[in-house]
Amino acid sequence: MGSLFRLTLHQLTGKWRLIIMTVLASLPVVFAWLIVRGTRAPFVDEFEAIVLSTMLAGSIAPLIIVAIGSVAFGNEVEDRTLANLTLSPLPRWQIVLPKVLGTLAVAGPFILGSAFATGFIAFNRDATAVAAVTAGIGVGLLMYTSFFVWLGLVTKQAIGVGLLYIVLWEGFFSGFVEGIRFLSIRQYSLALMNGFDPRRFASEAHVDFTAAVIVAVTVCTVFFVLSTRRLRTMDVP
Amino acid sequence: MSGTNPVVRVDGVSRWFGSVVAVSDVSFEIGPGITGLLGPNGAGKTTLLRMMTGLADVSDGSVTLFGQPVRDNPALYGRLGVMSEHETVYSFMRGRDFVRMMARIRGVPDLDRAVEKAIAQVDLTEAADKRMGTYSRGMRQRMRLAATIVHDPDVLILDEPLNGADPRQRVHFQNLLRRLAGDGRTIIISSHILEEVEQLAETVLLIINGKLAASGGFRAIRAALDKRPYHVRVIATEPRRLAGHIMQLGSVDAVNVDPDGALVVLSNNVRDLQVELPRLAQQASIGLRRVEPLDDSLESVFGYLVER
């Protein structure tokens, strides 16, 4: 698996991708800094809604992961090198796992770094709150990664579909439609933040902490299994 | 293959994409040695090979390798080496690293020795530490072949492997494949070039329009091809006098004189005509300026075989 992990790292760390990730990851940090330094400090609820929920959990994190995760397999499908991997005696999960870990290794530092720095600035070095933000976003990172890696295997338009999902589902519908909130990764990230630090994120978290943990584990497992299954049943180009 | 267990068995295999039938009810068995899969572009060779490697599913029928289904059977892939027609490589990777990675994920035990041996076999030792993005097309193909054979597979399936190879590389490639086949391996190569398969394969499978048009030893198929009606264009110093002589040959059915003075000869046995025509022209003191086949394309050869 080490070989495939290194291969994945190499494939996912192009110069432009790193630049785009750096810019995206910087946005919430800069935004938080500007707000805190502003003439009218926002209410905590406002900050949680705008910067953490909408921006970080609902936009920046999924955008970075869709740019990385969906091409973990997507590029190999596109340039027809996937057969190099699938025509090996490795069990299929041993092909999927390095792709998922590679995505986490590349996208993770940017997203977690962004979450940590944003929380650090916004919550005035409150360690519990910072840890809650970082952990909640981290679990969201796991869910988004397993989802977008799978998406890269099922469609050649994974980035387009992923962007639609982020904008329409996570960004729009899940914020307004009650029923859809239970199918939103962003909502579970917020619920986890609230679970880790009950003093905060109460107005944004609409899902129970225990349910969020169960759903997070389920989402990661289901999409990992679906990726493995897809790799077994698809026609490899 | 009767009496022995075939290495590869393709049984009633079809594959369709929507309403398009790419491969239709194809059955054959393949044993050790080199087998050529021959057919024009778009005949269904690649689809068939992809089903034989398990990369693509069959719509109907079955493909087995050593008696086991090849689809979704990773354990079997350790015995299989596949080189697809797509020449894309990891351009950022050095050749040696690519072969090493392929060896590692195939569980090759003595990694260093196997990698060096495979690279030496394709005669690329000196270029092994260059990035594959800097390779010529022929070098990429050879390094891909090294990665295909590094785990010493029992079965090699190579889709248009000689694409991009220069004449010297072709000879090297062919010698290597013969050597590998001589060790008892089963090698299947596809090509749309008749001569390429003729030089390598003992057995030929002719695929046309997704169907198996003919199979067997190359000589028998070649003989069948030689007996087909065949148009030859002849440019001579005295075409009308030559036409009169040609009509007396048993291998000729008809002769037409084109407005530009060229003769178009319809032969029923082109091999005999090849021998008789120069002799006849010499006896009649007629100069032959040009003799060229008019329907020697693979498509026309295959067309004939399908119509038979």
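Numbers at a glance
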quantity	calculated
Selected residue (only one of A:I214, A:I166, A:I185, A:I180 is away from every other protein chain (no Cβ under 14 Å) and open to solvent by 40 Å² or more (accessible area, probe 1.4 Å))	A:I214
Residue, farthest from B:P229 (Cα to Cα), within the stretch B:251-278, restricted to residues that are in a strand (DSSP E or B) and among the polar types (S, T, N, Q)	B:N256
Matching helices (runs of 4 or more DSSP H) fully within the stretch B:71-153 where at least 3 residues are surrounded by 23 or more Cβ atoms within 10 Å (Cβ to Cβ) and within 13 Å of chain A (Cβ to nearest Cβ)	B:95-105, B:137-149
Cross-chain or 6+ apart pairs with Cβ under 7 Å, the stretch B:32-44 first and under 15 Å from B:V155 (Cα atoms), then surrounded by fewer than 19 Cβ atoms within 10 Å (Cβ to Cβ)	B:P32/B:G184; B:G33/B:E202; B:I34/B:E202
When residues of the stretch B:239-273 are limited to those that are touching a Ser or Thr at 6+ places or on another chain (Cβ under 9 Å) and of a type outside the set (A, V, I, L, M), the one nearest to B:L294 (Cα to Cα)	B:S267
Selection within the stretch B:47-70 - without any contact (Cβ under 8 Å) to a residue 40 or more places away in the chain, more than 9 Å from chain A (Cβ to nearest Cβ) and in a loop (DSSP other than H, G, I, E, B)	B:V70
The stretch A:216-237, residues that are hydroxyl-bearing (S, T, Y) and within 16 Å of A:P98 (Cα to Cα)	A:T221, A:S227, A:T228
Within the stretch B:235-284, considering residues that are open to solvent by 70 Å² or more (accessible area, probe 1.4 Å) and polar (S, T, N, Q), the one farthest from the chain's Cα centre (by Cα)	B:Q283
Those residues of the stretch A:52-92 which are in contact with a Lys or Arg (Cβ under 8 Å, 6 or more places away or on another chain), farther than 20 Å from A:G160 by Cα and of a type in the set (G, A, S), in sequence order	A:S53, A:S88
Subset of the stretch A:55-73 [surrounded by fewer than 23 Cβ atoms within 10 Å (Cβ to Cβ) and among the small types (G, A, S)]	A:S59, A:A67
Residues (facing another protein chain (nearest Cβ under 10 Å) and buried (at least 17 other Cβ atoms within 10 Å of the Cβ)) located in the stretch A:4-37	A:L4, A:L7, A:Q11
So B:I187, is it crowded, with 22+ Cβ neighbours inside 10 Å, away from every other protein chain (no Cβ under 14 Å), out of contact with any Phe, Trp or Tyr (no Cβ under 6 Å at 6 or more places or on another chain) and farther than 24 Å from A:N75 by Cβ	yes
Residue in the stretch B:226-233 that is at pLDDT 85 or above and farther than 30 Å from B:S24 by Cβ present	yes
Lone unmet requirement of (1) away from chain B (no Cβ under 14 Å); (2) in contact with an Asp or Glu (Cβ under 6 Å, 6 or more places away or on another chain) for A:M193	(2)
Flag if A:F47 is in a helix (DSSP H, G or I), more than 14 Å from every other protein chain (Cβ to nearest Cβ), at pLDDT 85 or above and crowded, with 19+ Cβ neighbours inside 10 Å	no
Complete set of residues in the stretch A:91-109 that are at the interface with chain B (Cβ under 10 Å from one of its Cβ atoms), open to solvent by 10 Å² or more (accessible area, probe 1.4 Å) and in contact (Cβ under 8 Å) with a residue 24 or more places away in the chain	A:R92, A:Q94
Qualifying positions in the stretch A:184-202 - part of a loop (DSSP other than H, G, I, E, B) and closer than 15 Å to A:A132 by Cα	A:D197, A:P198, A:R199, A:R200, A:F201, A:A202
Selection within the stretch B:1-46 - outside any strand (DSSP E or B) and among the hydroxyl-bearing types (S, T, Y)	B:S2, B:T4, B:S19, B:T46
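The values are calculated or read from the model by the stated rules, or taken from the named source; none is laboratory data. A quick note: this is a predicted structure, and the numbers were derived from the prediction, not measured. Methodologically, a virtual Cβ is constructed for each residue, glycine included, from the backbone with ideal geometry; neighbour enumeration extends over all protein chains shown. Just the protein is used for accessible areas: all its heavy atoms, side chains included, with ligands, DNA and RNA removed. Shrake-Rupley method; radii C 1.70, N 1.55, O 1.52, S 1.80 Å.
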